[in-house]
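Encoded as structure tokens, the structure appears first; notes follow it.
The values are calculated or read from the model by the stated rules, or taken from the named source; none is laboratory data. Being a predicted model, the structure only gives us computed values, none of them experimental. Cβ coordinates were reconstructed from backbone atoms using ideal geometry, including for glycine residues, and neighbour counts include every protein chain displayed.
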Amino acid sequence: MVAITLDRLTKVFDGGIVAVDDVRVEIGSGEFVALLGPTGCGKSTILRLIAGLEEPTGGRVLFDGETVDERSVRDRRVAMVFQDYALYPYLTVAQNIGFPLRLGAEPTGALAARVAEAAEQLGITDLLDRRPGNLSGGQRQRVAMARAIVRRPHAFLLDEPLSNLDAGVRAELRTEIAALSRRLGVTTVYVTHDQVEAMTMADRVAVLRRGRVQQIGPPAQVYGDPVSLFVAAFLGTPRPSLLQGAIYVDVARVLIDVGSQLLELSRDDPRVRSLIGRHTERVTLAVRPDALVPVVPDTDSGAVLRGSVRSVEQLGHEALVRVDVGAVPTSVVESRLDHPDTGRHLSDLLADDPPTGHPFRHTLARMIPHQRTDEPSPTARTEYGFYPVYDLDPADEQPPGGDLVVRVPALTPPRPGASMVLAVDLDRLLLFDRAGNRIRLD
């Protein structure tokens, strides 16, 4: 098994598309790390750089502290599993599994024994005489996994291996893959856009956006303590509601304005100390269902939001209720959830983050002109004090409401149109500044 280090890894494709941007990740020997992010964020490119299928534009890939950029794919001793199985249709399952060993001139007896061992580990011993065309999708993926482990690689590289399978098979296989990786003790890098796969399988999750690692850590930490608005917005099922807001501080209170109503907090509450110095500052609230609790209508707590039920989604064991509280959602651009599949251009790289010591960035800064604009945030006043003029998407004739989603027991869901009062748990409320950085409530 190997420890894998990505040292300032960068990949720029022809046309100036930046697929991987100064990635630094250390993966311990035997560790299972998931690369999580939307389509076009560079996950698969990182995997191909580790495998040696792509050459980096900058930075290095190291195995156990030694640079492997000059090693061939075979010499790196890694095994890749793809989403499309990549099985030979005219070979039997046994022949497909043993194919990598035949290329290495493995003795016939040893080859048969290792194929049988790999098939037993994946539970496909009874399929060895079949051909891929006679297998289900889940069975084909098990064959692809068996072909990977038969080589006894130093690392597994899995590129969205479950994306073509139905939900039931996916749930079954992700458990098997995680258990197999830990049983064999193989260093595993798993690429996925499915947060459930990443959160349930990996020892650590690296969240990527536009070629950069936004945050890496254990799943519970990345979910519970996101460092940026993008990480908070990308994680969670359902995803959190993102609302525009502003902070107003007076002698006794700290008010968080969400457009049509206020969250009123005591200035003496130690959790709001970080907000006192942010008077009149605009923020984004990320509100997950687990931060909301339905309460009785006459609740007089200041940390409540009132609204009407827009819709109810039955899930069997629970119901998800969407409540319109009259807030305005954060724009897609501000939430950083805009992800073109075409990747980033060099000019986008510099616009997002001016050079900060990276030699590759300094070179680009001299080559490509860029500018920054700092426009003041428009404001308006009402009887409550400071309010922002909320940004609406001009493309929407009727901008979507700022719905909140709350979980309720499946047997007692409210009806659409009913009034609801939701208490907000400040310990689980996530706040971010205009740059998308976390404002922690201490």
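For segment 13-56, a residue qualifies if it is over 18 Å from the mean Cα position of the chain (by Cα), among the β-branched types (Val, Ile, Thr) and at pLDDT below 95, and the qualifying residues are Ile17, Val18. Total residues in segment 312-340 satisfying the condition of being in contact (Cβ under 8 Å) with a residue 12 or more places away in the chain and among the acidic types (Asp, Glu): the figure is 3.
Pairs meeting the criteria (first residue in segment 227-249 and farther than 22 Å from Cys41 by Cα and assigned by TED's automatic domain parsing to the domain that holds Val323, second residue in a loop (DSSP other than H, G, I, E, B) and β-branched (Val, Ile, Thr), beta carbons under 6 Å, at least 6 apart or on different chains) are Leu243/Val258; Gln244/Val328; Gln244/Thr330; Gly245/Val258. Would you say Leu111 is in contact with a helix residue (DSSP H, G or I) (Cβ under 8 Å, 6 or more places away or on another chain), surrounded by fewer than 23 Cβ atoms within 10 Å (Cβ to Cβ), under 30 Å from Val213 (Cα atoms) and hydrophobic (A, V, I, L, M, F, W, C)? Criteria not met by Leu111. The set of residues in segment 43-60 that are in contact with an Asp or Glu (Cβ under 7 Å, 6 or more places away or on another chain) and in a loop (DSSP other than H, G, I, E, B) contains only Pro56. Residues in segment 266-311 that are more than 18 Å from Arg407 (Cβ to Cβ) and either among the β-branched types (Val, Ile, Thr) or free of Cβ contacts under 8 Å to residues at least 24 places away in the same chain (or both): 11 in all. A search for C-beta distances below 8 Å between a residue of segment 152-173 that is at pLDDT below 90 and any residue that is in a loop (DSSP other than H, G, I, E, B) and exposed (fewer than 15 other Cβ atoms within 10 Å of the Cβ), counting only pairs 6+ apart in sequence or on different chains, returns Asn164/Asp84; Val169/Ser136. Does segment 189-203 contain any residue that is of a type in the set (Asp, Glu) and within 16 Å of Ile4 (Cβ to Cβ)? Scanning segment 189-203, I find at least one residue that is of a type in the set (Asp, Glu) and within 16 Å of Ile4 (Cβ to Cβ), so the answer is yes.
Scanning segment 193-213 for residues that are buried (at least 22 other Cβ atoms within 10 Å of the Cβ) and touching a Ser or Thr at 6+ places or on another chain (Cβ under 7 Å) returns a single hit, Ala198. Take the conditions more than 24 Å from Arg440 (Cα to Cα), within 31 Å of the chain's Cα centre (by Cα) and small (Gly, Ala, Ser) and apply them to Ala327. Does it pass? Here the answer is no, as Ala327 does not meet what is asked.
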